[in-house]
Amino acid sequence: MNMKKRMVLLTILSLMTLTGGGILLFNFFNGSQEQLEMTENRVYEYLMEERNYTDEEIDSIRTEYDWRNDRDDERGAYQAFVTFSDEEEYEYEYIYNELEGVRQIGRNEGEGNHSE
C-alpha cells in the first residue's frame, strides 16, 4: 500500500473515531433526546389523566438530563420541570421511570398550590 493510500485511510479512520467519540460525549452530557421526549410526554399524560389538569392550566414542561443523578434512585437522571399557569413563580419537579411511572419530587417543600 503506498503512502498516499495509507494517509487517506488514516484520515478516514481518525474522522470516524472523532465523530463517534463526539456523539458519545454529547449523549453522556445531554442524555437521550428520545428519553427526554418520553419523560415530557409521560408527565403531561400523568397531569392530564391522573391529576385532572387541563391544557390551559399547564404553562410549560421543560425536561432536563443530569448525568450526576444517573444512579440516584430518588431523583433520576431525567427530570421534568412543570410551571402551572396560576403559579409562574414555581417550578414543580417530576421524574419518570418505567418501574414507578411519574412522581413529583419536592423542591417547593409543601409550598405552592400544586404540591402533591
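Could you list, in sequence order, all residues of the range 38-60 that are charged (D, E, K, R) and either more than 14 Å from Ile95 (Cβ to Cβ) or in contact with a Ser or Thr (Cβ under 6 Å, 6 or more places away or on another chain) (or both)? Explain how you work it out, then say what you get.
At the first step, the residues of the range 38-60 found to be charged (D, E, K, R) are 40, 42, 45, 49-51, 55-57, 59.
Residues satisfying the conditions are Glu40, Glu45, Glu49, Glu50, Arg51, Asp55, Glu56, Glu57, Asp59.
Where residues in the range 88-116 are at pLDDT 75 or above and more than 19 Å from Arg42 (Cα to Cα), which of them is surrounded by the most Cβ atoms within 10 Å (Cβ to Cβ)?
Among them, the one singled out is Tyr90.
Is it fair to say Ser85 is polar (S, T, N, Q) and modelled with pLDDT of 85 or more?
yes
The values are calculated or read from the model by the stated rules, or taken from the named source; none is laboratory data. A quick note: this is a predicted structure, and the numbers were derived from the prediction, not measured. Glycine also receives a Cβ, built like all others from the backbone with ideal geometry; neighbour counts cover every protein chain displayed.
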